[in-house]
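Quick notes on the structure that follows.
The values are calculated or read from the model by the stated rules, or taken from the named source; none is laboratory data. Owing to the predicted nature of the structure, the values given are computational and were not obtained by experimental measurement. Note: ideal-geometry Cβ built from the backbone for every residue, glycine included; neighbour counts use all protein chains shown. These area figures cover heavy atoms from the full protein model, side chains too; ligands, DNA and RNA do not enter into them. Shrake-Rupley method; radii C 1.70, N 1.55, O 1.52, S 1.80 Å.
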Amino acid sequence: MSQANTDTAIPFYYPSDAVVAAAHVSGMAAYEALCARAESDYEGFWADQARELLTWKTPFTQVLDESNAPFFKWFADGTLNASYNCLDRNVERGLGDKTAIIFEADGGEVTKISYSELLAKTCQIANGLRSLGVQKGDRVVIYISMSIDGVAAMQACARIGATHSVVFGGFSAQSVRDRVEDTGAVAIITADHQVRGGKKLPLKSIVDEALALGGCDAVRNVLVVKRSGSEVAMTAGRDVWMDDLVAGQPTTCEPEWVGAEHPLFLLYTSGSTGKPKGVQHSTGGYLLHAALTTQWTFDLKADDVFWCTADIGWVTGHTYITYGPLALGGTEIVFEGVPTYPDAGRFWKMIQDHKVSIFYTAPTAIRSLIKAAEANDAVHPKSYDLSSLRLLGSVGEPINPAAWEWYYRNVGGSRCPIVDTFWQTETGGHMITPLPGATPMVPGSCTLPFPGIQAAIVDETGKDVPNGQGGILVVKRPWPSMIRTIWGDPERFKKSYYPEDFKGKYYLAGDGAIRDEKTGYFTITGRIDDVLNVSGHRMGTMEIESALVSCTELVAEAAVVGRPDDTTGEAVCAFVVLKRPLPFGDEAKAIAKQLRDHVGKEIGPIAKPKDIRFGENLPKTRSGKIMRRLLRSIAKGEAITQDTSTLENPAILDQLGQAY
Ligand code: PRX
């Protein structure tokens, strides 16, 4: 990679000539030609990709249907099956013996599975599900850790046309219950335990607890994968061991051919209100973008070893583990553990051991590994052979230029392009990102829209703002992998993503952004709604507030804001009014711990507030509105510049100064 800047005014990092020559999208002219094609013949552009990358049972004749906007449809009269496209098709084209997944367990044991084996396993699970009466259109919740079984379970649902909804293994029983109830799932696929960082953690017993909370009447069966082999309670007539279910099932299974708009999955994510929303994705358009972005952004080729470190409980794990790389017949790593176990050199050791060529992770992981590497040479990337790497990626939150540079030099050996991919659960796949053999990179910028994605920055009235002036990030035209609706709440879908402010015309991402005056490059400036991004995990402030006030014996009122954090990007700060006198010292610490545990129980450990501040009241305007801007200043430890003359009780500012 040549680092020399041809334009000295712009700190570009250019891909080397060799990278450009070998890339799927080779050079800026090729990128621009794709954008121009999409501009002049939008439907033709997407239709060509859909025909080339996917195998259709019934070819589509319609491309984009805007008749019921903003409920857009893509390729609606075509039929296909996602699991056929990811598995059978690869076997049919001679890749049956190729390794699909290299699984590394928390303790380091490695299991490889070929395309034929993964297909056989998927078919057995699919047949097992059918034997329990699970049918096309039914919902199945999957609550499992990173595993071949997890990927196969998702593929098996897709195979029979059941809509999966994966719930991240770190969520609590209450969160599992809420999601199971909202989906109306008929079955849950889980494991006895999960193993992370050397610890065995429960899964099945949490499902039991979730179901005992009530409201999940549609659930007929709980399928349990054996991970730890330790004893777990099994409810007769409801719970089935996966091994027993698939034993004797045929290793072939006719796929359910579904319409392109058939819901492939629901994935819950946080919004501005207290209740997480079930983002509904389609089969055809989603799979197309998963495959296309894996090809163009990750430049995946036949001999690559691809590693996306995300969990299958998040959208990144869906698109860049379960669907994209498999749709292209790639070889990928699935990792059960955590980056810091047995030490913070785990990622680098795995890249070395498995000769990983494409590595995709989150800035929060990079930042924590920088800290560890700086303290201990043994876990520094320089202590490992990372020469197999040719491409790096970043996702989930803005990557600060210092972390980018470190990643580029120390992990990528100053030779690997970094694709800083901006996208969301709702977008299904990459929206704004460099293409590795085309786009000159600027640390901290996700650069330019993916070909065909009409991203723009507008003001509150929907008018374009000039480059150099920040505004609201929107997408002007529907694209194939976009969210179709919020499960069971189409009105909320319209209000959240196609609000009247923009005359219902543009998709509203919920992020602010700015384009550079010279380059037109995009930089994401952060959420413009009440959503926090902690370690790349998305959380609603109201969701955490509801969890806090649900501790009714202690909490009278709570407000949650974010503050910047060096490692996690943002940290959760809670301001709490108790139903008892203001606590101090050890007592305050003990109550803070109790509240953190409560939030952990209501949502999951990821939502636990880092700082808790107690006051006899919260700062409010005369009309009784909480002054959140003021709370954000307090959380950051900034000098208060806002007008506080309207505060009823200015003494609370002193009280809130202490974080526990
Ligand atoms: O704020 C943006 C941030 O993550 C949000 C989406 O979160 P989620 O739906 O959980 O999906 C995460 C994985 C795709 C966005 O609204 N975000 C994601 N990627 C980036 C980013 N912010 C800046 N740069 C990115 N590359």
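Considering only DSSP states other than H, G, I, E and B, which GluC sites (Glu not before Pro) in segment 519-617 qualify as loop sites with at most 11 other Cβ atoms within 10 Å?
Those satisfying the criteria are Glu553.
Helix-derived [θ] at 222 nm for the chain: sum -39500 (n - 2.57) over DSSP H runs of at least 4, divide by residue count, nearest 500?
After summing the helix terms and dividing by residue count, I get -8000 deg cm²/dmol.
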* To do: Between Gln135 and Arg37, take the C-beta separation as r, use R0 = 30 Å, and let me know the FRET efficiency to the nearest 0.05.
  => 0.15
* Asked: Tyr506's amide H: which non-local residues (gap 5+, or another chain) put their own amide H closer than 5 Å, with H modeled 1.01 Å from N in plane and none for Pro or chain starts?
  -> none
* To do: Tally up the carbon and sulfur contribution to the accessible surface of the chain as a whole percent, 1.4 Å probe, everything protein left in place.
  => 50
* To do: Find the accessible area per residue for the chain; the probe is 1.4 Å, ligands and nucleic acids are left out, and the unit is Å².
  => 37
* Structure fact -> Interchain or sequence-distant (5+) residues whose placed amide H lies within less than 5 Å of the amide H of Arg527 are Gly512
* Structure fact -> Residues other than Ser147 with Cβ under 13 Å of its Cβ, Lys/Arg counted +1 and Asp/Glu -1, net out at -3
* Structure fact -> With R₀ set to 60 angstrom, the calculated FRET efficiency between the beta-carbons of Asp65 and Ala402, to the nearest 0.05, is 0.85
* Structure fact -> With x for Gly and Pro, the residue-by-residue ³J(HN,Hα) of segment 628-643, computed from phi through the Karplus equation 6.51 cos²θ - 1.76 cosθ + 1.60 at θ = phi - 60° and given in whole Hz, is 5, 4, 5, 4, 5, 5, 4, 4, 7, x, 7, 5, 7, 10, 5, 6
* **Proximal lysines to Lys518, defined as alpha-carbon separation beneath 25 angstrom and excluding residues fewer than eight positions away on the same chain** => Lys463, Lys476
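Classify segment 88-193 as rounded, prolate or oblate from the Cα gyration tensor: take a ≥ b ≥ c as the square roots of its eigenvalues, call it rounded if a/c is under 1.5, otherwise prolate when a/b beats b/c and oblate if not.
Since a/c reaches 1.5 but b/c is at least a/b, the shape of segment 88-193 is classed as oblate.
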* To do: With a 1.4 Å probe and all protein chains in place, put Trp314, Trp479 in order of accessible area, largest first.
  => Trp314, Trp479
* On the full set of protein chains, 1.4 Å probe, figure out the accessible area of Glu460 and give it in Å² to the nearest 10. => 130
* Could you pull out every one of the aspartates and glutamates with an alpha carbon less than 12 Å from that of Lys382, ignoring same-chain neighbours closer than 8 positions? => Glu374
* To do: Output ³J(HN,Hα) for segment 583-598: one whole-Hz value per residue in order, computed from phi by the Karplus curve 6.51 cos²θ - 1.76 cosθ + 1.60 with θ = phi - 60°, and x for Gly and Pro.
  => x, 9, x, 4, 5, 4, 4, 5, 5, 4, 5, 4, 5, 4, 4, 5
* Asked: Accessible area of Val577, 1.4 Å probe, to the nearest 10 Å²?
  -> 10
* **Mean separation of Cα contacts under 8 Å, 6 or more apart, over the residue count of the chain: relative contact order %** => 13
* Asked: Taking amide hydrogens as modeled 1.01 Å from N in the peptide plane, which residues meet the under 5 Å criterion relative to Ala191, leaving out close sequence neighbours?
  -> Lys204, Val225
* To do: For segment 225-277, run through the GluC sites (Glu not before Pro) and keep only the ones in DSSP coil with at most 14 other Cβ atoms within 10 Å of their Cβ.
  => Glu231
* Asked: Rounded to the nearest 10 Å², what accessible area does Phe584 show when all protein chains are kept and the probe is 1.4 Å?
  -> 140
* Enumerate cysteines in the chain without a disulfide-compatible partner, where compatibility requires another Cys Cβ under 4.7 angstrom. => Cys35, Cys86, Cys157, Cys216, Cys308, Cys416, Cys446, Cys551, Cys573
* Structure fact -> By the Cα gyration tensor axes a ≥ b ≥ c (a/c under 1.5 gives rounded; else a/b larger than b/c gives prolate, otherwise oblate), the shape of the chain is rounded
* Within segment 112-130: backbone nitrogen closer than 18 Å to the Thr55 label point (7 Å, Cα to C-beta) -> 114-124
* To do: Just grab the label-to-label distance for Ser230 and Ser414, each label 7 Å out from Cα along the Cβ direction, in nm (one decimal).
  => 4.9
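Taking a ≥ b ≥ c as the square roots of the eigenvalues of the Cα gyration tensor of segment 148-258, is the shape rounded (a/c under 1.5), prolate (a/b larger than b/c) or oblate?
Numbers: a/c = 1.56, a/b = 1.21, b/c = 1.29.
Note, shape of segment 148-258 comes out oblate.
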* Please sort by residue number the trypsin sites (Lys or Arg not before Pro) in segment 111-209 whose DSSP state is loop and whose Cβ has at most 16 other Cβ atoms within 10 Å. => Lys136
* **For segment 408-450 and segment 201-226, distance of Cα centres in Å** => 39
* segment 535-656, Rg to Rh (Cα coordinates; Rh as Kirkwood inverse mean 1/r) -> 0.94
* Asked: Where does the charge balance sit around His380 when Lys and Arg score +1, Asp and Glu -1, over other residues with C-beta under 14 Å from its C-beta?
  -> +1
